[in-house]
Structures are given as structure tokens and as C-alpha cells.
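Here's the structure we're looking at; comments come further down.
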Amino acid sequence: MRLERFSLRLADPLETANGPIEAREGFLVRVGGPGGDGGRAEDGDEDGNGDGPASGLGEATPLPGWTESLDDCRAALDGGNPDATTPAARHGVSLARADADARRAGERLCDRLAAEGPFDSDGVTDAVPVNATVGDGTSEETADAVRDAVDEGFDAVKVKVGAREAAADRERLRAARDAAPDAELRADANGAWDRETAEEMLDAAADLGFAYVEQPLSAENLSGLASLRGRGVGVGVDESLASHSAREVLAADAADVLVLKPMALGGPDRTLDAARAARDAGADAVVTTTIDGVVARLGALHVAAAVPDVRACGLATGSLLAEDLGPDPAPVRDGEMTVPEGPGLAGGALDSLY
Ligand SMILES: [Mg+2]
């Protein structure tokens, strides 16, 4: 396994629970060598594959608060066998191995993941619908941004809420609906509300025909989230999955929609297992990124493509980066991202990175 550290400047600083960050830092993970074994056996050895292209490519881009720190990620990668306590490191290795497997088999990563994972191969889609995201702003700004998204071809738009008083956010939701009468609208409160506000806002969202509201209550409050279901609008969980497994969330009946981040869950395999658990419990899965480089974004795209009848996913995040690891072979077009042709993550489109 070979690691290459990178830092990618964000177009705008990202507000996180741990303060704003200016760049996404992580490691490109390369496994195997020319005709190599895809990294199955060479963990921890000096496998001498610095003299040719790797056979599989992965990305470990930790996001503190969601995953381990950059230092812990590095230590886990150096140790060769990262586990659930270092999900970004595990993601990097798991993705690289899956890419190597798919390339060796001459299959797209999504087809390989489906063949080996919990869903059927015939459920794989070639193009994944993605949502636009509209940040905080006045009602007028919100309406303008929603209209722009629909004009660009997005059928699903997520509106960030929770930074304003409930009354102001209610007006924003109404403005969003007026601007996009036919779109699938979602709201994301990032855990900002108390119980009373959440009930009020969910009722407003239900009246406006929103599909679901993401994380209306804090991540830990699974019983509160469960009690908010059944009000005519779905309850989504995102932050809750940083501290609880998908199975714990589902066992608590806390969600209609699980927002799955492969980087935070520990890799493509774990994400598909969580999506399957959601499906078995009657919930939906939406795949998103943690604002990752192109390698992990493509990995998430392949995961999403392997989920049958997947709803619009939060994968349109490439534009949040001011620089990237390589060219993007799956740009957003008309509200969709098309899975690259050819074996592995990207066919030949990322050959320069191997
Ligand atoms: Mg969210």
C-alpha cells in the first residue's frame, strides 16, 4: 500500500462543529502493482510497487467530528488494517481494494459492488439523480437559488434550515416551494431544533409537500426522532450515523431516510450493507459525500448506483472544492451524474493517478 498526502482548498470555508475548515486533507491510497494482487496480501510490506502504476485507488479524507483525525487516519493506514474506529482510513483501503477487484474483473465498480454485495446486479443504474443544496439566506435568496437549481435540471433540492428563527425558516420553505412547485424538496436542520420547534417545522414542511427533513433533532436523540415520524413528512438522519450504526438507528425506528456517507461509515461495502439494512426496515438510503476529492466522490457514485431505485443523492459536491485530485469524469448534468464507462472507478479517466 502506498500513501500520498494531499490538501484540497475549499471554494468557501466549511462550517463544522469543530470550527471552520479551509481545506480537505487526506491520503490517496494505492494498492497492488502492475498485474498485482489488488492489495490483498501486501499490507505493511515494502511491496516494491513504486515502479509502476497501482492496481487500485482509494481515498481517505477524514472529517473530524464525523471520522477520526488526520493523525489517527495516518496511523491506521500505516498499521495496514484500519477498523471501524478509523472509518476514513478503512474507506481508503476498502475502496482501493474494491477498485482493484473491479479492474481485474474488467467491470465497473458499481457492477462489482452489486455482484459481491447485498443487492442484485440488475438493480444497478447508469445515472444517479443528485440533489442541489441551497444554504441559508433570505426567503428571496432561497427562492432564487431553488429556481436556479431547477433551471439547471435538478429535480431534487435540499434547503438548509436551522440558522434562523422558525418563523423565518418557515417563510423560506414556503418560498422554496413557490419557486419549485414540482421539485422534490428536502430540508436539513443539522440537529438545530428542540422538540417543539421540530414539530412545528415538520408540520409546515408536510403542508408544503416536502419529502423529508434531515436531522430535525440532535444526533443523540433517537427516541425524539422516532416520535417525530408519521407527521406527513419523512424524518432523515445524518449526524446520528456518526455516533450510531445504521442498525441502531433502524432498531430505534428513528428514520424514514438514512443519509449514508461512505467516508464516515468505513467504505463502500459498509455503506451498501447499511443501505440494505435500511431497505429491509422499510427506510430509504441517500448516499452523500463528506466533501471529498474526486476518487471518493466517484466511489460514492458507484455505491449509489448499486442501490436499486436510489433516491436523489447528495453527490453534487465537487464544486465545493477549489482544486481536486484529478479530472472529474462524472460531472453533474441535468441533475444527474453518469457512472463512468470502463473498469473500476473511472475506466481510464484517472489513469494518471494510479
Ligand atoms: Mg445533513
Original post:
Which far-off residues, 5 or more places away or on another chain, put their amide H under 5 Å from the one on residue 10, with H placed in the peptide plane?
Top reply: 23, 24, 322
Original post:
Using only Cα atoms, what Kirkwood radius does segment 121-247 have, in angstroms?
Top reply: 14.9
Original post:
Which cross-chain or sequence-distant (5 or more) residues have an amide H under 5 Å from the amide H of residue 311, H modelled 1.01 Å from N in plane?
Top reply: 285
Original post:
How much of the DSSP beta bridge set in the chain is antiparallel, as a percent to the nearest 5?
Top reply: 45
Subject >> Highest-first arrangement of 92-105, 1-14, 130-143, where packing means the average Cβ count within 10 Å >> reply: 92-105, 130-143, 1-14
**OP:** For residue 137, enumerate residues with amide H under 5 Å from its amide H, sequence gap 5+ or separate chain, H modeled in the peptide plane.
**Re:** none
Original post:
Can you sort 21, 291 so the residue with the fewest Cβ neighbours within 10 Å comes first?
Top reply: 21, 291
**OP:** Using label points projected 7 Å from each Cα along Cα→Cβ, tell me how many nm separate residue 231 and residue 152, to one decimal.
**Re:** 3.0
**OP:** Specify the inter-centroid distance of segment 189-216 and segment 297-346, based on alpha-carbon positions, in whole Å.
**Re:** 29
Subject >> Extension gain (nm, one decimal) between residue 199 and residue 85, 0.36 nm per residue minus Cα-Cα >> reply: 37.6 nm
**OP:** Could I have the simple spin-label model distance between residue 15 and residue 247, label points 7 Å from Cα toward Cβ, reported in nm to one decimal?
**Re:** 3.7
Original post:
Which order do peptides 328-337, 236-245 fall in by mean Cβ count within 10 Å, highest first?
Top reply: 236-245, 328-337
Subject >> J(HN,Hα) series, segment 336-353, from Karplus relation 6.51 cos²θ - 1.76 cosθ + 1.60, nearest Hz, glycine and proline x >> reply: 9, 10, 8, 5, x, 6, x, x, x, 5, 8, x, x, 5, 10, 3, 5, 8
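Laboratory data are not the source of any read-out in this text; all were calculated from the coordinates shown. Nothing here was measured: the structure is a model prediction, and the numbers come from that model. Cβ atoms come from the backbone with ideal geometry, glycine included; neighbour counts cover every protein chain shown.
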